[in-house]
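Notes to accompany the following structure.
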Amino acid sequence: MNDYYHLHPQAYHAATFGVDPSSFLTPLAERLPPGAHVLDAGCGSGRDLRWLRHRGYRAVGLERSPGLARLARENGRCPVLEADFNVFDFSSLRVDAILLVGAFVHLPHRELPVLLSRCTAALEPGGLVLITLKEGEGQATDARGRTFSLWQDEALRAVFAGLGLRVLDFQRNESRLGTGEVWLGYVLGRDGAEFAARG
């Protein structure tokens, strides 16, 4: 399943790059200062990097698939680290926000708290996280052999609270790909931190 992105970067790019990310990126962008430094972990072919760069943010990507990383550099015109976020040292970075848009959809439920905690080590004080995951129960496998972990809002909020992360914005959107799937999107900040106000 994980090899899909290694073997079919062009197919993944063709399926996802044309989606306008404004609806799920704007709630984060409204809370960021101009020129904020943003890490897009699991950046795919660079769609969201491009959106961020066009709005004046300093964007950097992180992508495991060599083919997708190459496309992300071309499309986003910004640095892209070629690494697996399961082993990457996030504490080596300092950023104002982290995008996890669909990045953790294949992650088993039990692994989400640990990896999300590791990712937030890259955040500056008052930093923000945008995370999106698919809604549902248990797991689902698609025609390409990819297995997705599905989530309920209540369970995700419990994970966030356990990590000291507060939900600042929540969205529930149908997939722009017309699959009928529903995505849960959250802007998160640390409890007790001072957050940027909406612009």
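Return yes when ALA11 is at pLDDT 80 or above and either buried (at least 19 other Cβ atoms within 10 Å of the Cβ) or at negative phi (or both) and no when it is not.
Criteria not met by ALA11.
Quick check on my filter: what residues within segment 123-137 are among the small types (Gly, Ala, Ser) and crowded, with 23+ Cβ neighbours inside 10 Å?
GLY127 - this is the single residue of segment 123-137 that is among the small types (Gly, Ala, Ser) and crowded, with 23+ Cβ neighbours inside 10 Å.
Consider GLU74 carefully, then state whether it is touching a helix residue (DSSP H, G or I) at 6+ places or on another chain (Cβ under 6 Å) and open to solvent by 70 Å² or more (accessible area, probe 1.4 Å).
no
Of everything in segment 95-117, what is in contact with a strand residue (DSSP E or B) (Cβ under 8 Å, 6 or more places away or on another chain), under 17 Å from ARG166 (Cβ atoms) and among the small types (Gly, Ala, Ser)? Give them in sequence order.
Passing the criteria: only ALA97.
Taking the condition of being farther than 15 Å from LEU156 by Cβ and open to solvent by less than 70 Å² (accessible area, probe 1.4 Å), how many residues in segment 102-118 meet it?
Number of matching residues: 1.
Regarding PRO27, is this residue open to solvent by less than 40 Å² (accessible area, probe 1.4 Å), closer than 23 Å to ARG176 by Cβ and touching a Lys or Arg at 6+ places or on another chain (Cβ under 7 Å)? Show your work before the answer.
On the way: open to solvent by less than 40 Å² (accessible area, probe 1.4 Å): yes; closer than 23 Å to ARG176 by Cβ: yes; touching a Lys or Arg at 6+ places or on another chain (Cβ under 7 Å): no.
Taking the combined requirement at face value, the residue does not satisfy it.
When you scan segment 177-184, do you find a residue that is among the aliphatic types (A, V, I, L, M), over 16 Å from PRO21 (Cβ atoms) and open to solvent by 40 Å² or more (accessible area, probe 1.4 Å), even just one?
Here is the first cut: in segment 177-184, the residues among the aliphatic types (A, V, I, L, M) are 177, 182, 184.
Narrowing further to those that are over 16 Å from PRO21 (Cβ atoms): 182.
Subset that is open to solvent by 40 Å² or more (accessible area, probe 1.4 Å): none.
There is no residue in segment 177-184 that is among the aliphatic types (A, V, I, L, M), over 16 Å from PRO21 (Cβ atoms) and open to solvent by 40 Å² or more (accessible area, probe 1.4 Å).
The values are calculated or read from the model by the stated rules, or taken from the named source; none is laboratory data. The shown structure was predicted, so the numbers you read here are calculated from the model rather than taken from an experiment. Here the Cβ is made from the backbone with ideal geometry for all residues, glycine too, and neighbour counts use every protein chain on show. We work out accessible area using only protein heavy atoms, side chains counted, and drop any ligands, DNA or RNA first. Shrake-Rupley method; radii C 1.70, N 1.55, O 1.52, S 1.80 Å.
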